[in-house]
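A.B. asks: Have a look at this one before I ask anything.
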Amino acid sequence: MQSCSKTIQPEKALKRDDGIVILGGGLAGLSAGFVLARAGRPVMVFESDPVVGGLSKTVVRDEFRFDLGGHRFITKSRKIEHFVNELLDGEFNAVSRKSKIYMRQKFFDYPLTPSNAVFGLGVSTTLKVLYDYGKEKFRNFFRAPVNVSLEDWVVSNFGRTMFNLYFKEYSEKVWGIECGQISQEWLAQRIKGLSMWTAVKNAFFKFSGKDIDTLADTFIYPRTGIGQISENMKHEIEKQNSVLTDTGITQVKHRDFVIENVTARNCGQVYSVKGREFVSSIPLTRLIQMFMPSAPDDILEAASRLKYRDLIIVVTMLDREKVTDLTWLYFPEQDIPFGRIHEPKNWSPDMAPKGKTHIVS
């Protein structure tokens with residue numbers, strides 16, 4: 001049974017009712033706390049988990065380190081890049097990306113390479129992919145495409161054959177709903193600027209896709225895992241302020257549209273926490289349930305309809321030096337229960353003990 005870490009010290013942390021109370025110690029909450037603390041504002045960050053980072057934390061088990069799924073860092077913002085580089089203080093690796101897709105019992109390069117695509121898919125399927133893409137481009141020349149869903153957007157930019165080959169199965173397996181029910185705005189942002197034409201150009205001329213995140217050939221990765229970003233922010237905040245882990249928020253008391261205080265629970269003890277301002281980064285569905293007085297019934301009903309996709313991580317620890325030389329291996333087909341795997345040691349040698357490795361799926 002996991003022991004509780006007593007982090008609340010009432011005489012130090014809870015008498016600063018002029019401070020800013022931040023609910024949630026993931027990247028969003030810690031970033032807010034870090035920037036506010038740097039500006040001289042008193043802050044208190046509350047995190048229910050024993051460690052900070054949320055979905056971007058790094059878990060340590062028997063000297064093996066792994067993220068919740070594996071998170072690379074890529075940004076086009078010079079400001080954010082400088083912020084993270086300064087925060088990590090050189091403790092990161094520039095990782096050369098090498099990814100593959102496993103489907104039809106074959107390995108395909110990602111990003112695409114011409115010879116691999118032709119030999120893997122076969123000449124007839126490759127020609128059909130190109131024909132469908134050309135047909136969509138011809139249609140779009142005469143009328144603007146109406147892209148509402150992920151399916152609409154992919155078919156418009158890649159053609160129906162490529163949608164059926166890869167995007168449909170992979171997306172529906174990962175997100176658990178049909179592609180016709182996923183907004184195209186979400187997908188277009190994740191793979192912004194990508195199309196069949198861009199992918200083909202990148203296959204022949206690598207520099208052509210350098211500004212598209214999904215085609216990037218290198219990425220930044222902290223030496224001890226993505227959680228190092230959160231841990232470093234926590235350390236900086238704690239120089240003058242408090243980050244309270246193992247401390248969940250159980251109630252948010254409000255009056256006249258203003259939050260008066262929150263109730264925090266740490267190691268079985270309950271505390272009332274006041275602040276001048278409050279910032280929440282915890283899941284909206286949980287926050288709504290904490291309001292006292294309770295939110296109106298229609299708000300509670302609307303919140304109950306918001307759905308989240310569960311994330312299950314399986315880590316296989318191996319008594320061998322290495323399994324692959326890949327950064328990612330994708331499995332789009334529905335009969336394989338996981339969507340992708342990666343070997344953390346290929347991102348940073350500090351992620352596994354010497355002479356051992358692990359696979360995260």
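A.B. asks: For residues in segment 60-84 being without any contact (Cβ under 8 Å) to a residue 24 or more places away in the chain, surrounded by fewer than 16 Cβ atoms within 10 Å (Cβ to Cβ) and hydrophobic (A, V, I, L, M, F, W, C), which is nearest to MET233 (Cα to Cα)?
C.D. replies: Among those that are without any contact (Cβ under 8 Å) to a residue 24 or more places away in the chain, surrounded by fewer than 16 Cβ atoms within 10 Å (Cβ to Cβ) and hydrophobic (A, V, I, L, M, F, W, C), it is ILE80.
A.B. asks: Kindly indicate whether any position in segment 340-348 is outside the structural domain of LYS168 (by TED's automatic domain parsing), within 18 Å of the chain's Cα centre (by Cα) and among the β-branched types (Val, Ile, Thr).
C.D. replies: Here is the first cut: in segment 340-348, the ones outside the structural domain of LYS168 (by TED's automatic domain parsing) are 340-348.
Checking the rest, the ones that are also within 18 Å of the chain's Cα centre (by Cα) come to 340-344, 347.
Filter once more, keeping what is among the β-branched types (Val, Ile, Thr): 341.
Yes, segment 340-348 has at least one match.
A.B. asks: Okay, moving on. For residues that are buried (at least 18 other Cβ atoms within 10 Å of the Cβ) and either at pLDDT 95 or above or among the aliphatic types (A, V, I, L, M) (or both), tally how many sit in segment 14-28. First the steps, then the outcome.
C.D. replies: Taking segment 14-28 as the starting set, the residues that turn out to be buried (at least 18 other Cβ atoms within 10 Å of the Cβ) are 14, 16, 19-27.
Among the residues that remain, those that are also either at pLDDT 95 or above or among the aliphatic types (A, V, I, L, M) (or both) are: 14, 20-27.
Matching residues across segment 14-28 total 9.
A.B. asks: Please state which one of ASP246, ASP319, ASP325 is closer than 30 Å to LEU165 by Cα and in contact (Cβ under 8 Å) with a residue 12 or more places away in the chain.
C.D. replies: ASP325
A.B. asks: Still on this structure, I have one more. Kindly indicate which of ARG265, ARG286 is under 30 Å from TYR170 (Cβ atoms), assigned by TED's automatic domain parsing to the domain that holds THR58, surrounded by 13 or more Cβ atoms within 10 Å (Cβ to Cβ) and of a type outside the set (A, V, I, L, M). Can you show your working first?
C.D. replies: Numbers: ARG265 fails: under 30 Å from TYR170 (Cβ atoms).
When all the criteria are applied, what remains is ARG286.
A.B. asks: Identify the single condition in (1) under 25 Å from THR357 (Cβ atoms); (2) within 28 Å of the chain's Cα centre (by Cα) that ASP319 does not satisfy, given that it satisfies every other one.
C.D. replies: (2)
A.B. asks: Scan segment 171-208 residue by residue and report those that are at pLDDT 85 or above, buried (at least 20 other Cβ atoms within 10 Å of the Cβ) and out of contact with any strand residue (DSSP E or B) (no Cβ under 7 Å at 6 or more places or on another chain).
C.D. replies: Correct list: SER171 only.
A.B. asks: Output the number of residues of segment 289-316 satisfying the condition of being in a strand (DSSP E or B) and surrounded by fewer than 16 Cβ atoms within 10 Å (Cβ to Cβ).
C.D. replies: Filtering segment 289-316 for residues in a strand (DSSP E or B) gives 291-292, 315-316.
Next, only the ones that are surrounded by fewer than 16 Cβ atoms within 10 Å (Cβ to Cβ) stay: 292, 315-316.
Total meeting the criteria: 3.
A.B. asks: Out of the residues in segment 63-106 that are more than 17 Å from THR324 (Cβ to Cβ), of a type in the set (Phe, Trp, Tyr) and in contact with a helix residue (DSSP H, G or I) (Cβ under 8 Å, 6 or more places away or on another chain), state the one that is modelled with the lowest pLDDT.
C.D. replies: Once the filter is applied, the top-ranked residue is PHE73.
A.B. asks: Looking for something within 25 Å of the chain's Cα centre (by Cα), in a strand (DSSP E or B), farther than 28 Å from GLY176 by Cβ and assigned by TED's automatic domain parsing to the domain that holds ASP67 - is there at least one such residue anywhere in segment 269-279? Give the steps one after another, and end with the answer.
C.D. replies: If we filter segment 269-279 for residues that are within 25 Å of the chain's Cα centre (by Cα), which is where we start, we get 278-279.
Keeping just the survivors that are in a strand (DSSP E or B) gives 278-279.
With the extra rule that they be farther than 28 Å from GLY176 by Cβ, the set shrinks to 278-279.
Checking the rest, the ones that are also assigned by TED's automatic domain parsing to the domain that holds ASP67 come to 278-279.
Looking for residues that are within 25 Å of the chain's Cα centre (by Cα), in a strand (DSSP E or B), farther than 28 Å from GLY176 by Cβ and assigned by TED's automatic domain parsing to the domain that holds ASP67, one finds at least one in segment 269-279, hence yes.
A.B. asks: So which residues in segment 24-62 are in contact with a helix residue (DSSP H, G or I) (Cβ under 7 Å, 6 or more places away or on another chain), under 20 Å from GLY248 (Cβ atoms) and not in a loop (DSSP other than H, G, I, E, B), if there are any at all?
C.D. replies: Passing the criteria: GLY26, LEU27, LEU30, GLY33, VAL43, MET44, VAL45, GLY53, GLY54, SER56.
A.B. asks: Right, here's the next one. Take the residues of segment 280-308 that are in contact with a helix residue (DSSP H, G or I) (Cβ under 6 Å, 6 or more places away or on another chain) and in contact (Cβ under 8 Å) with a residue 60 or more places away in the chain: which is farthest from HIS71 (Cα to Cα)?
C.D. replies: The initial filter retains those residues of segment 280-308 that are in contact with a helix residue (DSSP H, G or I) (Cβ under 6 Å, 6 or more places away or on another chain), namely 280-281, 285, 288, 295, 303, 306.
Imposing the further condition that a residue be in contact (Cβ under 8 Å) with a residue 60 or more places away in the chain reduces the set to 280-281.
Details: SER280: 23, SER281: 19 Å.
Restricting to residues being in contact with a helix residue (DSSP H, G or I) (Cβ under 6 Å, 6 or more places away or on another chain) and in contact (Cβ under 8 Å) with a residue 60 or more places away in the chain, the top hit is SER280.
A.B. asks: Just give me the residues in segment 338-350 being out of contact with any Asp or Glu (no Cβ under 9 Å at 6 or more places or on another chain) and in a helix (DSSP H, G or I), in sequence order.
C.D. replies: Result: PRO349, ASP350.
A.B. asks: Enumerate the pairs (first residue in segment 175-199 and aliphatic (A, V, I, L, M); second residue anywhere and part of a loop (DSSP other than H, G, I, E, B) and modelled with pLDDT of 65 or more) with beta-carbon separation below 6 Å, excluding pairs fewer than 6 apart on the same chain, so at least 6 apart or on different chains.
C.D. replies: ALA199/LEU112
A.B. asks: Does segment 141-152 contain at least one residue that is assigned to a helix (DSSP H, G or I), surrounded by fewer than 16 Cβ atoms within 10 Å (Cβ to Cβ), modelled with pLDDT under 90 and out of contact with any strand residue (DSSP E or B) (no Cβ under 8 Å at 6 or more places or on another chain)? Don't jump to the end; show me each part of the working.
C.D. replies: First pass over segment 141-152, keeping only residues assigned to a helix (DSSP H, G or I): 141-142, 150-152.
Keeping just the survivors that are surrounded by fewer than 16 Cβ atoms within 10 Å (Cβ to Cβ) gives 141-142.
Narrowing the set further to residues that are modelled with pLDDT under 90 leaves 141-142.
With out of contact with any strand residue (DSSP E or B) (no Cβ under 8 Å at 6 or more places or on another chain) added as a condition, the list becomes 141-142.
Yes.
The values are calculated or read from the model by the stated rules, or taken from the named source; none is laboratory data. As the structure is a prediction and not an experimental result, all values here were calculated from the model. Counting neighbours? That spans all protein chains shown, and the Cβs are built from the backbone with ideal geometry, glycine included.
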